[in-house]
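In what follows, a structure is listed as structure tokens, so that the remarks can point back to it.
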Amino acid sequence: MDRQGRPGRRKREGQDDQITPVLANLTPPQIVAELDKFIIGQTEAKRAVAIALRNRYRRQQLSDEMRNEIAPKNIMMIGPTGVGKTEIARRMARLIDAPFIKVEATKFTEVGYVGRDVDSIVRDLVEVSITMVHEEKLREVRPQAEGAANEKLVGYLVQQLYYKDKSKRKLAHAALDGAGETVENKTPDEPPVLEIHAEEDGHESLSAEEQRLLERRRRRVAAMLRQNKLEEHTIEIDLDAEEPFTGMLEFMAGLNTDDSGDNFQDFMDNLGTITRHRSRRVSVKEARRILTNEEANKLIDFDGVVDASVQRTEQLGVVFLDEIDKIVGNGNESGPDVSGEGVQRDLLPIVEGSTVMTRYGPVKTDHILFIAAGAFHNAKPSDLIPELQGRFPLRVELDSLEQEDLKEILIKPENALTKQYIALLGTEKVSLVFDDSGLDEISRIAAEVNEKTEDIGARRLHTIMERVLEDISFSATDHAGQTVTVDSKYVMDRVGDLVEDEDYSRYIL
């Protein structure tokens with residue numbers, strides 16, 4: 001897409017191998033090891049995902065002709081809720097820094113289905129990719145942008161020396177020469193306000209001596225900025241930079257994806273000429289942030305951002321289709337809902353490989369990795385239409401979580417619940433200690449409730465933990481400096497009665 005927002009020409013071949021530096025250094029065992037940091041068990045699913053990812057890297061080492069013939073090995077995950085299906089897909093996408101979206105298949109069968117089609121999956125995936133690449137580019141140019149922003153900030157601060165009002169000039173001069181000292185017309189604790197009203201004729205009317213004086217003051221102000229002596233001073237800055245990329249995203253945020261009217265085209269045609277002229281009164285600290293972002297956007301090649309984003313979507317994109325078992329047709333569907341089998345047929349060309357038109361140009365879905373998941377309690381994968389079944393050649397079954405699995409989930413992952421609660425209560429100066437007997441009791445209760453009621457897997461641990469720690473979380477400020485040990489007695493005192501009353505536990509746990 002060019003700077004006016006119109007789809008531009010992109011190189012399709014020979015560029016893919018430039019976007020997989022992370023994959024090149026990840027072998028399947030390493031991928032599984034990384035997933036083990038957050039997900040307990042489910043080895044078969046992890047291995048399938050690791051192989052699928054490695055095959056994407058292997059594919060990109062081949063010739064263009066052979067590369068285009070190799071389709072991704074889409075995966076079907078089968079297992080009850082809360083066993084790690086979504087987490088495996090999400091962690092995998094973060095691991096390779098790939099665009100990732102999670103889509104509920106049932107959203108396309110809801111009552112009131114209007115104008116929302118399965119192509120929106122690809123459009124949303126491209127938007128995620130655009131955001132990722134844009135943030136990466138911002139990080140790359142930030143050092144250079146910070147330097148340019150500081151130069152502009154010095155200029156804004158020095159301009160205040162040229163007030164027409166002599167008394168204000170003296171005040172501003174005092175503010176610069178003795179930042180932090182008390183000057184007239186302000187209280188000792190109030191930082192001086194540096195308003196900017198430059199002379200209309202600028203610096204051209206300055207004499208040689210005044211020019212030298214100005215340079216000395218610029219150096220003085222620059223030194224004070226480096227020492228953070230002016231951070232809370234208020235200045236007025238002008239924002240008049242062209243913002244083609246940001247402006248486009250802001251406009252698109254409230255626009256229907258399928259809108260293609262004349263107003264939309266006029267906007268795209270004139271996008272490059274949009275300029276915002278405005279001024280803001282902010283602190284020096286805030287002005288530095290605003291100017292840095294403004295300068296960073298000027299340094300970014302937005303055409304390159306779009307090109308890289310579309311390539312990343314096509315070659316590394318991951319779509320997680322959850323609840324796919326809920327769109328299995330029962331043969332006698334009627335009413336306002338869109339039929340499940342109809343949604344399957346709509347999904348088929350996207351998964352099989354097609355070209356979807358987006359606001360950034362055409363996007364091919366041939367090599368996007370699709371991971372479908374479902375509990376399949378009331379249906380079987382074989383109940384899907386045969387064509388869709390064939391697009392998910394890899395089938396992995398995830399095991400239900402037993403008591404030992406639940407206990408490991410409480411303590412082993414890097415984001416384990418016990419670690420989270422210890423950190424949260426630590427902010428209140430409360431030392432939380434989980435005794436082994438307490439962990440055993442929590443995992444036993446979670447497994448028992450899952451068995452008696454609906455099996456929601458590891459999500460049951462969130463419910464139990466919140467009940468167990470409700471009292472200490474509520475009154476943590478009254479226990480600052482104390483140590484609270486969560487053992488089996490502590491757990492049973494708080495949730496034992498709920499577990500024993502099966503009818504009550506259905507509503508509470």
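The values are calculated or read from the model by the stated rules, or taken from the named source; none is laboratory data. These numbers were taken from a predicted model, which means no experiment stands behind them. Note: ideal-geometry Cβ built from the backbone for every residue, glycine included; neighbour counts use all protein chains shown. Remember, those area values only see protein heavy atoms, side chains included, never the ligands or the DNA or RNA. Shrake-Rupley method; radii C 1.70, N 1.55, O 1.52, S 1.80 Å.
Couple of notes before you dig in:
- Scanning the stretch 418-436 for residues that are outside any strand (DSSP E or B) and either open to solvent by 20 Å² or more (accessible area, probe 1.4 Å) or acidic (Asp, Glu) (or both) gives Lys419, Gln420, Tyr421, Ile422, Ala423, Leu424, Gly426, Thr427, Glu428, Lys429, Asp435, Asp436.
- Some residue of the stretch 191-207 being part of a helix (DSSP H, G or I) and modelled with pLDDT of 50 or more: no
- Being modelled with pLDDT of 50 or more, open to solvent by 60 Å² or more (accessible area, probe 1.4 Å) and of a type in the set (Gly, Ala, Ser) is not true of Ser120.
Table: residues versus (1) of a type in the set (A, V, I, L, M); (2) closer than 30 Å to Gly79 by Cβ.
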site	(1), (2)
Glu441	no, yes
Arg444	no, yes
Ile456	yes, yes
Met465	yes, yes
Leu469	yes, yes
Phe474	no, no
Gly481	no, no
Asp493	no, no
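- Test for Glu314: is it of a type in the set (Asp, Glu), in contact with a helix residue (DSSP H, G or I) (Cβ under 9 Å, 6 or more places away or on another chain) and at pLDDT below 80: no
- Pro336 open to solvent by 70 Å² or more (accessible area, probe 1.4 Å) and modelled with pLDDT under 85: yes
- Flag for Val343 being among the β-branched types (Val, Ile, Thr) and either under 27 Å from Asn55 (Cβ atoms) or surrounded by 16 or more Cβ atoms within 10 Å (Cβ to Cβ) (or both): yes
- Scanning the stretch 468-487 for residues that are open to solvent by 30 Å² or more (accessible area, probe 1.4 Å) and in contact (Cβ under 8 Å) with a residue 12 or more places away in the chain turns up Glu470, Asp471, Ser473, Thr477, His479, Ala480, Gly481, Gln482, Thr483, Thr485, Asp487.
- Test: residue in the stretch 381-401 that is among the polar types (S, T, N, Q), more than 25 Å from Val103 (Cβ to Cβ) and either touching a residue at least 40 places away in the same chain (Cβ under 8 Å) or in contact with a Cys (Cβ under 6 Å, 6 or more places away or on another chain) (or both): no
- Test: residue in the stretch 129-136 that is in a loop (DSSP other than H, G, I, E, B), open to solvent by 60 Å² or more (accessible area, probe 1.4 Å) and polar (S, T, N, Q): no
- Residue in the stretch 420-428 that is under 34 Å from the mean Cα position of the chain (by Cα), modelled with pLDDT of 90 or more and among the β-branched types (Val, Ile, Thr) present: yes
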